[in-house]
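Below: one structure, written as C-alpha cells.
Nothing in this text is a laboratory measurement; each read-out follows from the coordinates by a stated rule. Here the structure is a predicted model, which is why all the values come from computation and not from measurement. With ideal geometry, Cβ positions are generated from the backbone for all residues, glycine too; neighbour counts draw on all protein chains shown.
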Amino acid sequence: MIKLQNLSKSYGSKTVLQNINLQFERGHVYGIVGKNGAGKTTLFRCIAGLEDYSGNIQSDKDRLKDHLGLLLTEPYFFPKITGAEYIRLLCNARDVKVDNLDQRNVFDLPLGQYAATYSTGMKKKLALTALLLQQNEYFILDEPFNGVDIQSNIVIVEIIRKLRELGKTVIISSHIFSTLSETCDEIHLLREGEIVRSVHEQEFASLEQEMKVDFVGGLVERILGSGQ
Amino acid sequence: MTNRWFKDAGIHPLIGYVLAMAAFVGISAYLFYKTPYAVYVYPLLALSLAGKLSELKRNDFLSQCFPKRKLNQLRITENVLAVLPFVFFLCYKQYFLFACVLPLFASLLAFARFRTTANITIPTPFAKKPFEFIVGFRNSFYLFLLTYAVSLIACFVGNFNLGLFALMISFGVCLFFYVKPEHEYFVWSYKLDGRQFLLRKIATALLHVSVIVLPIVLLLGCFFYHDIGMLLLFLAIGYAFLIYMIVAKYAAYPSEMSLMQTILLAVCIAMPLFLIVLIPYFFCVPQNI
C-alpha cells in the first residue's frame, strides 16, 4: 500500500502539485491522466523520492524506493552500454541475480547492442524488462506505451494484468485512454496539480467522454476552421 | 554552451576562456618543444578537432534548418574558426605555409559528413559489474594497450621509471571514468544507503582497476623484482587516487566535482600524503545519494 497525504510540490512560486490525497492498494492498477504539464511526472518523482515535497507518503515497506520500479518517460541510457549490461546494472542495484537473460527477453531486444542506439519503443521495452526482472513490489510506469509497437503493446497490457494477479501495485500514466481502461481498476484525473476526479471501472466511459469535451472543446475547429 | 559549461564548473566564463587559452598555448608550446615532428602532428590535431563538427547527425540537423548555400557558409566558418587558434600558433612559430594550408583543408572538411562513433559493440571484461569501467574501457581501451606496450618497452630497455609512468597513466585514465556524475536514476536505483553505496563503488573500482593494471604490475614485478617496494608504493598511490575520485565525485553529487575538489586533486598529485586526510573527509561529508 502507498498512501499520499496532502502531498504538495512547488518550484519556487509555481505550485505543481496541490494537496494530493491518494491511496494505492496491493493487487490494483491505477491510472493517472491529465494534460502535459498537469503534474503526473512530478507526482511520480515525489512518490519515488526523487523530489522534495511537503505532505506525507506512507507505504508498508521501510524504504519504498527499494521496492519500487520506476519507468521514466524517457529512460536514460549510457552511451556505450549494451541492453544486457543495462539490465544487469539495474538488477545489481537491487541485489537481484539474473539468469537466462535470453529466455527472459520477451520483447526480443538485441541485448548485445548498445542500448543508446535503440529506438524509442525499444528503449521503453528494455527499461520495462529491467524493472520486471528487479522483482519489485510497486511499479510506476510513466507512459509505458510510448513508441511501442502493437505486439509489444498487447504484451505490456498482459504483463500489467499479471502484475495485478501477483498482488503488485501498479500506477500508470498514459495518453492512450484505451490502454488505461483495459488495465486499470481506478483512474485519477490530474488537472493543474490537483486530483479533480477519481473513477472506477464502470465510469471509465463517462470519464473518457468528459475528457474529450474538456480537452478538445472547440480546438479542432480553431486549427482547421469550421469547414466552410 | 561553453559559457554554461564554465558556469557549471564554477568558473567565471572570462576566467575560463583565459585559462583555456593559456592551456592551449602551454600544450602547443610543449608539443613543439618535445618533438621535431610537431609541425606535422599539429595541423592533424587541428583537423581532427574540426572533423568532430562533421558528425552526421549534427549535419543532418543543420541541413534541415538552413538552405544549402547558407549551410555551406556556416560549416566553412565553423571549421575555419575551430582551426584559427592553431593557425595563429603556426604563424607565431613561423610555419607560414602550414598556417595558410590549414584553413583551406578545414574548409574542404566542411563538406564531409561522417560518423565520429562506430556502432560496434566492443567486448569488455567488466560487463558483470556495470557501469563506469564498461563505458570507460570502451572509450579508452587503446590507451591501455598503449600503456602495456610502454611497460613492455620499459622492461626491454631496463627503465623502471618508464614502467611506473605507464602504471600511473593507466590509473590516470581510470580516474577519468569517475569525472562526470551519472543520471540520478542510476544512483536512486540502488538498494543501499549512502555509505554502503560508496563502499560498493570503491570495491568495484578497486577490483576493476586491478584487472587493468595487473599486466603492468606483473611485468614490472618480474623484470624489476628488486624495486618491488617502490612498485607497491605506486600501486597504493594509484588506488588512493581512485578512491579520492569516487568519494569526491559523490560528495559533490548531483553536481560535477567543484573547482576546489579539482584543485585539491592537483595538490595531492604533488603531495599524495594529503589523500590520507581528504579521503575520509569526503567519505564522511553528507552526500546527496
Averaged over residues of A:92-101, the number of beta carbons from other chains lying within 10 Å of each residue's Cβ is 3
Give me a single rounded figure for B:126-139: the average over its residues of other chain Cβ atoms within 10 Å of their Cβ. 4
What average count of beta carbons from other chains do you get within 10 Å of the Cβ of residues in B:189-200? 3
For the A:Arg191, B:Ala266 Cβ pair and Förster radius 60 Å, calculated FRET efficiency rounded to 0.05 is 0.65
Sorted by chain and then number, the residues having a modelled amide H within less than 5 Å of the amide H of A:Phe139, at least 5 places away or on another chain, are A:Gly69, A:Thr169, A:Val170, A:Ile171
A:Lys14/B:His226 FRET efficiency (R0 56 Å; Cβ-Cβ; nearest 0.05): 0.25
Ranked highest first by average number of other Cβ atoms within 10 Å, how do A:144-150, A:63-69, B:120-126 line up? A:63-69, A:144-150, B:120-126
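What length, rounded to one decimal in nm, is gained on full extension from A:Leu219 through to A:Met1, with 0.36 nm per residue of separation minus their alpha-carbon distance?
Full extension of this stretch gives 74.5 nm more.
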Which ³J(HN,Hα) values, rounded to whole Hz and listed in residue order, are derived for the range B:241-251 from phi using the Karplus coefficients 6.51, -1.76 and 1.60 in 6.51 cos²θ - 1.76 cosθ + 1.60 with θ = phi - 60°, glycine and proline given as x? 5, 5, 5, 4, 4, 5, 5, 5, 4, 7, 6
Would you kindly calculate the translational diffusion coefficient of the protein assembly as shown, applying Stokes-Einstein with the Kirkwood radius from alpha carbon pairs, for 10 °C and a viscosity of 1.306 mPa s, and quote it in µm² s⁻¹ without decimals? 59 µm²/s
What is the helix-to-structure angle for B:160-175, meaning the angle in degrees between its Cα long axis and the longest Cα principal axis of chain B, kept from 0 to 90 and rounded to the nearest 10? 80 degrees
Whole-Hz Karplus couplings 3J(HN,Hα) for the range B:209-221, θ = phi - 60° and coefficients 6.51, -1.76, 1.60, Gly and Pro as x, run 5, 5, 4, 5, 8, 3, x, 5, 4, 5, 4, 5, x
Between B:Phe114 and A:Ala116, what FRET efficiency comes out of the Förster formula 1/(1 + (r/R0)^6) with R0 = 22 Å and r the beta carbon distance, rounded to 0.05? 0.70
Spin-label point model (7 Å from Cα, Cβ direction): what's the A:Ser206 to B:Val277 distance in nm? 7.2 nm
Once the piece of chain linking B:Leu146 and B:Asn161 is laid out straight, how much longer is it, given 0.36 nm per residue of separation minus the C-alpha distance between them? 3.8 nm
What are the ³J(HN,Hα) couplings of the range B:252-263, residue after residue, when phi is run through the Karplus curve with 6.51, -1.76, 1.60 and θ = phi - 60°? Round to Hz, x for glycine and proline. 8, 3, x, 6, 6, 4, 6, 4, 4, 4, 5, 5
Amide hydrogen neighbours beyond the local backbone of A:Thr82, cut-off 5 Å, H modeled: A:Ala115
Degrees, to the nearest 10: B:275-284 long Cα axis against longest axis of chain B: 90 degrees
Looking only at the range B:122-155, which residues have a backbone nitrogen under 14 Å from a spot 7 Å from the Cα of B:Leu214 in the C-beta direction? B:125-128
Within the set of other residues whose C-beta is less than 15 Å from the C-beta of A:Asn105, count the net charge using Lys and Arg as +1 and Asp and Glu as -1. +1
